[in-house]
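What follows is calculated from the coordinates using simple rules that are stated; it is not laboratory data. Just so it is clear, the model here is predicted, and its values are computed rather than measured. Cβ coordinates were reconstructed from backbone atoms using ideal geometry, including for glycine residues, and neighbour counts include every protein chain displayed.
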Amino acid sequence: MLTNFALDQKSLSKLATKGLCAQSMQKQINEEISLQLELWRAQGLSIIEQNGYYFFETKFTKIEDATFCIVDIETNGSKPNKHQIIEIAALKVKDAEIIDRFESLVYCSEINAAITDLTGITPEDTKDAPLLEKVISDFKIFLGDSIFVAHDVKFDYRFISATLEKFGLAPLLNRSLCTLALAQRTIVSYKYGLGYLNNFFHLNPDASHHRAMSDVITTYELFKLTLQNLSKDIESVEDLIRFSREEKMLKRPLIDPLLAVDEKKEESSLNS
């Protein structure tokens, strides 16, 4: 997922696979290649040159050597041009271990009742929190060039990227990975919403759904579970990204196993 990126889709595909030649790269950018690479790196995207061809650095990064940043945001609406982030949390993960964390509420004077019902966050909770510009700037520094990971990643990625632009900062260009898409291809489940997966696989026993750090911890546990079910030929970060987008999804059961368990418990209770 790349927003406002100078290269076309065919070139992006080459950066992730066989490489893009310097001539093709230069045709599509206004700056000298070396300067453009530095500008992209500042936006979280590392592109390297090997033997005259350019590649995403993640093509050569083993999964266990990569830094993944698992992110979740809570917002007071779905449109970044009208609404804002009210809470953000993230864990940096390397070789399945947590190496750093980021968490903050964000000052917001108006949060509608439906959002408060969903998240439990009220304007009073945020009255002493830092302003959005401060939080989003600090988060961008924290994220760096990590791989951006989230459950249904498009929403979090695009909302954060649009928020950065709102304050005159460059949009995100980090490589991204969706744990929902990974789960659909590595584990069998009746549903793939984070709450359902947590209930079914007991990922986070202390979960408070729709609070940012709680959902990040649940996503982290899900991420580890999906990696355990990968075939050995998926070695690099780009292998993993491609797998999450292109591999056939697993067949879902026709009947909800959790519903069946509840029915058995009810039947047992009636017979006892």
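A few comments on the model shown:
- Its relative contact order, with pairs defined as Cα atoms under 8 Å and 6+ residues apart, puts segment 9-59 at 43 percent.
- Among residues other than MET249 with Cβ under 15 Å from its Cβ, the summed charge is +4 (Lys and Arg +1, Asp and Glu -1).
- If the segment from LYS251 to SER109 were pulled out straight at 0.36 nm per residue, it would be longer than the present Cα-Cα gap by 46.6 nm.
- Computed FRET value (nearest 0.05) for GLN9 with LEU227, which takes r as the C-beta separation and R₀ as 35 Å: 0.80
- Neighbour counting of Cβ atoms within 10 Å sorts the residues HIS83, HIS209, HIS151, fewest neighbours leading, into HIS209, HIS83, HIS151.
- Placing a label point 7 Å from the Cα of ILE29 along the Cα-to-Cβ line, the residues of segment 41-71 whose backbone N sits under 11 Å from it are 41-42, 46-49, 54-55.
- Relative contact order [Cα under 8 Å, 6+ residues apart], the chain, whole percent: 20
- Structure-based [θ]222 nm, the chain - -39500 (n - 2.57) summed over DSSP H runs of at least 4, per residue, nearest 500: -12500 deg cm²/dmol
- Given charges at Cβ of Lys, Arg, Asp, Glu: the chain dipole, positive-most of HIS151, PHE139, HIS202: HIS151
- Treating each Cα of segment 22-86 as one equal point scatterer and applying the Debye formula with no solvent, the log10 of I(q)/I(0) at q = 0.14, 0.19, 0.21, 0.27 Å⁻¹ comes out as -0.66, -0.84, -0.89, -1.16.
- In a DSSP loop and with at most 11 other Cβ atoms within 10 Å, the trypsin sites (Lys or Arg not before Pro) in segment 1-49 are LYS18.
- Simple spin-label estimate for ARG41 and SER137 gives 2.3 nm between the two label positions (7 Å along the Cα-to-Cβ direction from each Cα).
- Alpha-carbon spread of segment 67-206, three principal axes, descending order, Å: 42, 34, 25
- The simple Förster model, with R0 at 22 Å and r as the Cβ-Cβ distance, assigns ASP65 and THR17 a FRET efficiency of 0.65.
- Debye intensity ratio I(q)/I(0), log10, segment 211-262, q values 0.15, 0.24, 0.25, 0.31 Å⁻¹ (C-alpha model): -0.66, -1.01, -1.02, -1.09
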